[in-house]
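Working notes, beginning with the structure itself.
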Amino acid sequence: MQSGLGLAPIPPARKPAVAGRGKRAYLRGMAKNSFHSGEGPSQRQLRVGELIRRTLSDILNRGDIHDPDLNRMSITVGEVRCSPDLKVATAYVMPLMGSVPVTDAIAALARNKAELRHRIGAAMTLKYTPDLRFRPDETFDRLDETRRLFSDPAVQRDLAQDGSAEDEDE
């Protein structure tokens, strides 16, 4: 297409190309999750896990499940961890005051997993209700081990030395 002034035609506008990367290479450089970097769970995983923990605790405390064995147990839900895609939730549970063995409590929860999942889904507004998995909560065992380590005389001596060194710095 020639204009009457003798100028060359203007080529059509194109998207900038990146050498050696093919079509739509300009889209590949975008971050998939620009707000979460590093290790550990995202804010959404933590938030959903806490909501599931509260909901599961409420369901177990009210005795809404149609299993008399499970309703007789007092179960504490210590933590719920969600997978990155929020499709799997692992609940860490422990019978209250050691009233029943942990394996019996986990077996009862696993038997009623479908009903628990249904009730959690009804109480929450998630697109997908995560699949529930139950594991023993070992937080209290680790707490006892930590207390035992801090009561060790060698550790007490080291802590006393660190405290006196900080006092000298001030």
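The values are calculated or read from the model by the stated rules, or taken from the named source; none is laboratory data. Keep in mind that this is a model prediction, so the values were computed, not measured. Here the Cβ is made from the backbone with ideal geometry for all residues, glycine too, and neighbour counts use every protein chain on show. Side chains are part of the model used for accessible areas, which takes the heavy atoms of the whole protein and leaves out ligands, DNA and RNA. Shrake-Rupley method; radii C 1.70, N 1.55, O 1.52, S 1.80 Å.
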Checklist outcome for this item: Here the FRET efficiency for Asp67 versus Met124, based on Cβ atoms and R0 = 25 Å and rounded to 0.05, is 0.70
Checklist entry - Ser42 to Glu79: extension gain in nm, 0.36 nm per residue of separation minus the Cα-Cα distance? => result 11.8 nm
Checklist outcome for this item: For the stretch 47-104, dividing by residue count, accessible area per residue (probe 1.4 Å) in Å² works out to 56 Å²
Next on the checklist: Assuming 0.36 nm per residue, please report the length gained on full extension of the stretch Asp158 to Val88 beyond their Cα-Cα distance.
Outcome noted: 20.9 nm
Next on the checklist: Within the stretch 68-170, what whole-number % of the accessible surface is contributed by carbon and sulfur, with the 1.4 Å probe and all protein chains included in the calculation?
Outcome noted: 52 percent
Checklist entry - What Kirkwood hydrodynamic radius do you get for the stretch 60-120 when you take the inverse of the mean 1/r over all pairs of distinct Cα atoms, in Å? => result 12.2 Å
Checklist outcome for this item: Hydrodynamic radius by Kirkwood for the stretch 73-170, inverse mean 1/r across distinct Cα pairs, in Å, is 16.6 Å
